[in-house]
1. Test each condition in (1) without any contact (Cβ under 8 Å) to a residue 40 or more places away in the chain; (2) in a strand (DSSP E or B) for THR16 and report the one that comes out false.
2. Give the residue, chosen from LEU237, LEU222, that is farther than 19 Å from PRO17 by Cβ and of a type in the set (A, V, I, L, M).
3. What is the residue count in the stretch 95-104 for residues that are more than 21 Å from ILE158 (Cα to Cα) and hydrophobic (A, V, I, L, M, F, W, C)?
4. Can you confirm whether THR79 is closer than 18 Å to VAL159 by Cβ and in contact (Cβ under 8 Å) with a residue 60 or more places away in the chain?
5. State which residue pairs qualify: first residue in contact (Cβ under 8 Å) with a residue 24 or more places away in the chain and inside the stretch 102-121, second residue outside any helix (DSSP H, G or I) and among the small types (Gly, Ala, Ser) in any location, beta carbons under 9 Å apart, and separation of 6 or more residues or different chains.
6. When residues of the stretch 69-115 are filtered for being under 19 Å from THR39 (Cα atoms) and of a type in the set (Ser, Thr, Tyr), how many remain?
7. If you take the residues in the stretch 15-29 that are modelled with pLDDT of 90 or more and surrounded by fewer than 15 Cβ atoms within 10 Å (Cβ to Cβ), which one is farthest from SER58 (Cα to Cα)?
8. Being surrounded by fewer than 20 Cβ atoms within 10 Å (Cβ to Cβ), modelled with pLDDT under 90 and in a helix (DSSP H, G or I): is that true of ARG43 here?
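The values are calculated or read from the model by the stated rules, or taken from the named source; none is laboratory data. The structure presented is a predicted model; accordingly, all values stated were derived computationally and were not measured. Counting neighbours? That spans all protein chains shown, and the Cβs are built from the backbone with ideal geometry, glycine included.
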Amino acid sequence: MFLEYYKLAEEPFGVTPDPRFLYLSQQHREAMASLAYGTEAGRGFLALIAQPGMGKTSLIYQYLESLRGKARTAFLFRTDCDAREFMRHLLLDLDIDSVGRDLPWMHEALNRVLLEEMNAGRRFVLVIDEAQNLEEHVLESVRLLSNFETPWAKLIQIVIAGQPQLAEILKRPSAAQVRQRISMVIRIEPLSPPDVDHYIDHRLRTAGCKDVSIFTTGARLLIAEHSGGIPRNINNLCFNAMSLACALKHEVIDRNVILEVLADLDLESLVKTPVAPPPLIHALPAQNIAVPDRVTEASRGNFHRIAARAMVTAALVLAVVTGVDTGGMPSALPGGVTNAAASRPPVVEPPVVQDISIPAPPVSAPMAPVQSLATARVEDPASGIQPMPEATRQARLRAKHSEHLDPGQQAALPTAPVALSPAAKLALEDMDSLRPEAGKQ
């Protein structure tokens, strides 16, 4: 303990509301004077409001001590109760047993006590600490106690003391009647830096310290700044500072000691601040690409149409090369699908691809003449073109192709006419018409 090290008679910064250590600042003296004046004037209802740790309880003890021999007092601090329990606590403080009694009986017992004190020439003062914890219906019961009166004086003086939450309760519309009964509202504000300095000196001298300069000026300024001028915070800082300085064998408590104490009492460093998760990278919305797991009816129909056209084209080319006449082939596509039907939307039932292979004509049976585009061009008298004898045609063909061949290739040309199909003849004539004449090149 630092009591022997700093030669102290008792703990200077204790936690109990000892009236001997009460430092009456200017605000505390004004509050004490207001309480005494309100009681002497018989105002009936007073309110004392201050922040936690400002010394309300110590001030109340000092106030009750000043009333010794002048009035009968009752002090209540258990306020988390209902109206029945509140009255039972009040009568218990007056040494009246009320176990099993109802509220009317309790009110009658209190009324008898008040009349006895009035006849004795004494006042009755009820002090309620921690009044911010009172329920509204209990607060209304307290208001009803102020109705104990005579035509010329109040039989009971009530002082309610509490934290700033009490002011919020009194501001409610439901507490209007209680607020109207309160004749004086007494406030206690935090200590100023000079008051903090005097507060420390007063505590040290009361504890028996001969040299109050053990706290340097820098240390006192830090205490005033970080305590907020609240006496309870000042007591905590000074107690820990003296304990640390004693452990370090420091006769003087300087600024560095206070800084270390502040770091030890810092609760924020013990609370882990949750780390914000990294921002989510919003991916682009996935595009729905429909990939069919089976062949659809539309794709099946398109495939059949394309395959049918390709096969028809291949058959026409094959007919030209082999000399087979295709003029008589039906214009409909295989499978019964015509060109007009092919352009329509696909039907539900897929077209059936039929076998479009072109059977070769029998060797023994002569091919019947087929009216085709080639024959119409050669034999139709309405076209205005005279048919050319076959011998003349063959001679002209040999003459045209022989002029590009050497003598050996010309000898290999057949001299007899070659029988060609009308489709082949038409193809050769188209090729001749596209070939430019030698004189125009």
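1. Checking THR16 against (1) without any contact (Cβ under 8 Å) to a residue 40 or more places away in the chain; (2) in a strand (DSSP E or B), the one that fails is (2).
2. Numbers: LEU237 fails: farther than 19 Å from PRO17 by Cβ.
LEU222 is the lone residue from the list that is farther than 19 Å from PRO17 by Cβ and of a type in the set (A, V, I, L, M).
3. So the first thing to find is which residues in the stretch 95-104 are more than 21 Å from ILE158 (Cα to Cα), and the list is 97-102.
After this cut, where a residue has to be hydrophobic (A, V, I, L, M, F, W, C) as well, the list is 99.
Residues meeting the conditions: 1.
4. Answer is no for this residue.
5. Correct list of pairs: GLU117/ALA71; MET118/ALA153.
6. 1
7. Once the filter is applied, the top-ranked residue is GLN26.
8. Details: surrounded by fewer than 20 Cβ atoms within 10 Å (Cβ to Cβ): yes; modelled with pLDDT under 90: yes; in a helix (DSSP H, G or I): no.
Against the criterion (surrounded by fewer than 20 Cβ atoms within 10 Å (Cβ to Cβ), modelled with pLDDT under 90 and in a helix (DSSP H, G or I)), ARG43 does not qualify.
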